[in-house]
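Here's the structure we're looking at; comments come further down.
Coordinate-derived values only; no laboratory data. Remember, it's a predicted structure, so these values are computed and weren't measured experimentally. Virtual Cβ from ideal backbone geometry, glycine too; neighbours counted across all protein chains shown.
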Amino acid sequence: MEDVRVERMAETIARYSSHVGRGELVCIRGGVSAAPLIRALYEICLKLGAFPYTQVGLPGMDEVFFKHANREQLAFISPVSRFEIGQVDVFINVLSETNTRRLSKVNPKKQAAASIARQPIMKTFMKRAADYEKTKGKKGLRWTLTLFPTEAYAQDAEMSLREYENFVFGACFADKSGSIRRWKNIDKKQNEVVRYLRGRKVVEIEGPETDLRIGIAGRKWINCSGTHNFPDGEVFTGPEETKIDGRVRYSFPACLSGREVDDVRLVFEKGRVVESSAAKNEAFLRSMIGMDRGAARVGEFAFGLNYGISQFTKNILFDEKMGGTVHIALGKGYPESGSKNNSALHWDMVCDLRKKGEARVDGRLFFKDGKLKI
């Protein structure tokens, strides 16, 4: 029997997050384990008069690729992908891992090479997404990233599958009717935070073994209220590339490409990582930071404002939104935020300010022990 929460989630994504319209080309991506949500999304897109199509992936395909791909194959970009990125109006990507550790033994140099090769695709994607914002929907593309609960994600979060389903659908407001109205209220509240941050120059973060100064002058703050990530709940900007100084110790593991990097510590000078260490997978951390020139710089800084997410789950889609935290992404920034940093890497790392932490904006208290003070 279909779960009504899946139908509510699909309805909210199509109508609110992606604003699917009549005659639009919509690509819905995900694994076979996300079949209930993919079907529901496909159905609602048809009802809205769009032209949806699906790309359903089989488990283990990327493992096969990284095991056998040679240098030429790692650098290859399909002409089909090049064409698609220029034509689709809406991308809806459904995360649905059945084994979140499947790539933990892959050579990180191969992963880096594949990421670098896809930069032309990402550049087109980012440009078209920015065009949509600039033209207020007259051209460009929209995208939404979401997640369907699986046993693998539940295990990472140390929950049963039923507990994790309740967590996911609750965070998406799909557990009750009126989801779209609730997301609109989040949008309104976070707009107030964005207005407060507009025109500010410096953010200072203090916490256990953390003392960081971040320049934000002239940069735009973006309200993330369920349109791109679903669920959501943050405001972010692209900090000044050479105005980040100090040290940070990340409270939670930094997860990327199936690897878990514990107790990450970074030291910044003039916007660049000059020292890095980790208690686990340190070599992987340094390999990613050394991927290209932009990987050692910051592309995004954000405040997590979703107080409905209070537990770390080892999934960045939820963890970076956790109310009372900040996250800093090494690598690629989003041009709409003013970021000029470019890289094949975008790695979000979450720092908890809910205990003995604070953030000041232009010298004024903004966060204290994870609570907003404005």
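Values computed for the structure shown
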{"read-out": "Overall Cα dimensions of the chain, principal axis frame, Å, largest first", "value": "51, 50, 44"}
{"read-out": "Residue of Asp319, Asp262, Asp232 that the Gaussian network model of the chain assigns the largest fluctuation, springs spanning Cα pairs under 10 Å", "value": "Asp262"}
{"read-out": "Cβ-placed point charges (K, R +1; D, E -1), dipole of region 4-171 about Cα centre in debye, nearest 20", "value": "720"}
{"read-out": "Sequence-distant residues sharing a close amide H with Arg142 (under 5 Å, placed H)", "value": "Val90, Phe91"}
{"read-out": "Filtered GluC sites (Glu not before Pro), region 193-272: DSSP coil and at most 13 other beta carbons within 10 Å", "value": "Glu209"}
{"read-out": "Cα-centre dipole for the chain with unit charges at Cβ (Lys and Arg positive, Asp and Glu negative), debye to 20", "value": "1220"}
{"read-out": "Estimated vicinal HN-Hα couplings, Hz - region 137-144 in sequence order (Karplus 6.51, -1.76, 1.60; Gly, Pro = x)", "value": "x, 6, 8, x, 9, 10, 9, 9"}
{"read-out": "Lys, Arg +1 and Asp, Glu -1 on Cβ, resulting dipole of region 90-196 about Cα centre, debye, nearest 20", "value": "840"}
{"read-out": "Cys255 long-range amide H proximity, modeled H, under 5 Å", "value": "Val261"}
{"read-out": "Hz values of 3J(HN,Hα) by residue in region 145-154 - Karplus curve (6.51, -1.76, 1.60), Gly and Pro given as x", "value": "10, 9, 9, 10, x, 10, 4, 5, 5, 4"}
{"read-out": "Value of [θ]222 nm, deg cm²/dmol, for the chain, DSSP H segments ≥ 4, -39500 (n - 2.57) each, nearest 500", "value": "-9000 deg cm²/dmol"}
{"read-out": "Cα centroid separation, region 226-301 to region 1-79 (Å)", "value": "28"}
{"read-out": "Positive-end residue, region 246-320 charge dipole about Cα centroid, Cβ charges, pick of Phe301, Gly271, Tyr250", "value": "Gly271"}
{"read-out": "Low-density loop cleavage sites - trypsin sites (Lys or Arg not before Pro) in region 330-374, where at most 15 other Cβ are within 10 Å (DSSP)", "value": "Lys340, Lys355, Lys356, Lys373"}
{"read-out": "Expected-Rg normalisation [2.2 N^0.38 Å, Cα atoms] applied to region 4-171", "value": "1.12"}
{"read-out": "Low-density loop positions, trypsin sites (Lys or Arg not before Pro), region 1-46 - DSSP coil, at most 16 other Cβ in 10 Å", "value": "Arg22"}
{"read-out": "Burial ranking of peptide ranges 75-81, 244-250 (average Cβ count within 10 Å, highest at the top)", "value": "244-250, 75-81"}
{"read-out": "For region 365-374, Karplus couplings with θ = phi - 60° (6.51, -1.76, 1.60), whole Hz, Gly/Pro x", "value": "5, 10, 10, 9, 6, x, 9, 5, 10, 10"}
{"read-out": "5 angstrom amide H check on Glu300, placed H, neighbours 5+ away", "value": "Ala329"}
